[in-house]
Amino acid sequence: MSMKVFNLRCEHEHAFEGWFASGEAFESQSSSGLLECPVCGSSEVQRMPSAPRLNLAATTAPDKSTTQTADPPSGTDLQQMWLKMARYIRENTEDVGERFAEEARRMHYAEAPERAIRGETSREQARELAEEGIEVFAFPMPKGQGGPLQ
Ligand SMILES: [Zn+2]
């Protein structure tokens with residue numbers, strides 16, 4: 001037989017559990033003054049609102065909701081990605097060095113053929129390009145591999 005567990009509380013705020021065959025059993029025992037607080041012996045016991053727990057002996061299914069989360073990339077992985085990307089940029093862009101801002105501007109105004117370039121700009125030059133609506137992509141190149149890319 002399954003039992004119902006009610007969370008009960010006496011007039012002195014002592015919380016305890018009571019086991020009953022049904023809600024009616026609780027009501028009759030309570031109204032008859034048969035319920036007593038195990039702490040203070042008070043028969044002023046109230047039922048706390050809670051979901052009844054049923055069939056506590058039933059086996060619980062293993063929790064299959066646990067999901068495996070992928071590990072975030074480690075520092076070594078990021079370093080590898082960075083070096084790989086730097087190599088890709090180096091092999092697929094034309095190094096225009098300090099003429100970068102000038103070349104980017106000429107390409108933007110169709111004065112030079114559109115192509116992928118890399119080079120260096122000062123902070124000031126980068127800001128001017130941005131103000132003219134010329135998008136540049138900043139990428140910190142590894143040392144000795146082409147310098148900073150804009
Ligand atoms: Zn009590």
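The values are calculated or read from the model by the stated rules, or taken from the named source; none is laboratory data. Since this is a predicted model, take the numbers as computed values, not measurements. Note that we place each Cβ from the backbone using ideal geometry, even for glycine, and neighbour counts take in every protein chain shown.
Restricting attention to region 25-43, the residues that are out of contact with any Gly (no Cβ under 9 Å at 6 or more places or on another chain), more than 8 Å from the ligand (Cβ to nearest atom) and part of a loop (DSSP other than H, G, I, E, B) add up to 4. Determine whether region 8-24 contains at least one residue that is surrounded by 14 or more Cβ atoms within 10 Å (Cβ to Cβ) and more than 16 Å from the ligand (Cβ to nearest atom). Checked against the condition, which is being surrounded by 14 or more Cβ atoms within 10 Å (Cβ to Cβ) and more than 16 Å from the ligand (Cβ to nearest atom), region 8-24 yields at least one hit. Looking across region 33-45, just one residue is small (Gly, Ala, Ser), exposed (fewer than 13 other Cβ atoms within 10 Å of the Cβ) and at pLDDT 90 or above, and that is 41. Of the candidates 54, 78, the single residue that is assigned to a helix (DSSP H, G or I), modelled with pLDDT under 85 and not polar (S, T, N, Q) is 78. Of everything in region 76-109 that is under 40 Å from the mean Cα position of the chain (by Cα) and basic (Lys, Arg), the residue that is farthest from residue 120 (Cα to Cα) is 84.
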